[in-house]
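The values are calculated or read from the model by the stated rules, or taken from the named source; none is laboratory data. From a predicted model like this one, the values you see are computed outputs, not experimental measurements. Counting neighbours? That spans all protein chains shown, and the Cβs are built from the backbone with ideal geometry, glycine included. Note: accessible area is taken over every heavy atom of the protein model, side chains too, but ligands, DNA and RNA are not part of it. Shrake-Rupley method; radii C 1.70, N 1.55, O 1.52, S 1.80 Å.
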Amino acid sequence: ARELVEWLAHRDRSLPFNSMTAHHIDSHDTFWWPSPGRKWRRNQYGESRTAALMAIFALRGEPYMTFVGGEEGIEAEVAAVNSARLKYPVLSTGQVIHDALDVSDDQIYAILLRGLDQEAIIAVNTVDTPINVTIQALDGNPFTELMLDAPAWRSQGEAITNGRSVAAELNGAGVRIFLREK
């Protein structure tokens with residue numbers, strides 16, 4: 001996950017000003033050539049990690065795409081991400097800050113999003129086992145957790161937040177979002 005954050009940071013620096021990339025979760029390329037039973041990301045990686053991958057891309061404020069049928073099995077997670085993006089503009093228009101966080105576990109994808117009025121930490125567990133993680137952030141007001149309405153992503157316990165850090169358990173392939181006012 002740490003390498004993915006670094007790779008996306010490098011990729012973002014190479015894009016033309018104000019451009020963005022659409023990420024294909026499933027597309028014609030992933031759908032047509034594999035053998036039956038291996039066509040979809042959910043067949044290749046499992047539903048939970050496919051939902052986590054969708055969240056990684058969608059919660060960067062970028063569009064994500066899937067071939068028709070690719071959402072089967074992760075409908076609740078897709079709805080939760082899209083609802084959160086609509087309700088909290090920082091999740092769809094915030095500037096991605098790749099190097100503002102110190103994450104205690106390399107398997108946790110974590111970025112800071114900075115919007116006009118809010119900041120958000122997006123944390124995604126990229127493995128199927130739960131992980132306790134501490135994320136050190138910039139100074140400022142405490143973060144509060146945004147609860148995503150997807151059963152697989154409901155938190156297992158309280159997150160501990162202060163102005164500089166968030167400590168929480170992430171379910172296997174779980175997603176947690178923390179917001180704060182600027």
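Whenever a residue of the range 125-152 is touching a residue at least 24 places away in the same chain (Cβ under 8 Å) and among the acidic types (Asp, Glu), its partners that are surrounded by 13 or more Cβ atoms within 10 Å (Cβ to Cβ) and part of a strand (DSSP E or B), lying with C-beta atoms within less than 6 angstrom and at least six residues away or across chains, give the pairs Glu145/Phe178.
Evaluated against (1) in contact (Cβ under 8 Å) with a residue 40 or more places away in the chain; (2) within 16 Å of the chain's Cα centre (by Cα), Ser155 falls short on exactly one condition, (1). Reported count of residues in the range 65-87, each being touching a residue at least 60 places away in the same chain (Cβ under 8 Å) and buried (at least 19 other Cβ atoms within 10 Å of the Cβ), is 4. What about Arg164, is it modelled with pLDDT under 85, open to solvent by 10 Å² or more (accessible area, probe 1.4 Å) and within 23 Å of Gly94 (Cα to Cα)? Considered against the rule, which asks whether it is modelled with pLDDT under 85, open to solvent by 10 Å² or more (accessible area, probe 1.4 Å) and within 23 Å of Gly94 (Cα to Cα), Arg164 comes out as yes.
Of all residues in the range 60-79, those that are part of a helix (DSSP H, G or I) and touching a helix residue (DSSP H, G or I) at 6+ places or on another chain (Cβ under 7 Å) total 3. Checking Val127 against (1) in contact with a strand residue (DSSP E or B) (Cβ under 7 Å, 6 or more places away or on another chain); (2) closer than 18 Å to Ala1 by Cβ, which test does it fail? The single condition Val127 does not satisfy is (1). When residues in the range 88-99 are screened for being in a loop (DSSP other than H, G, I, E, B) and open to solvent by 20 Å² or more (accessible area, probe 1.4 Å), 4 of them pass.
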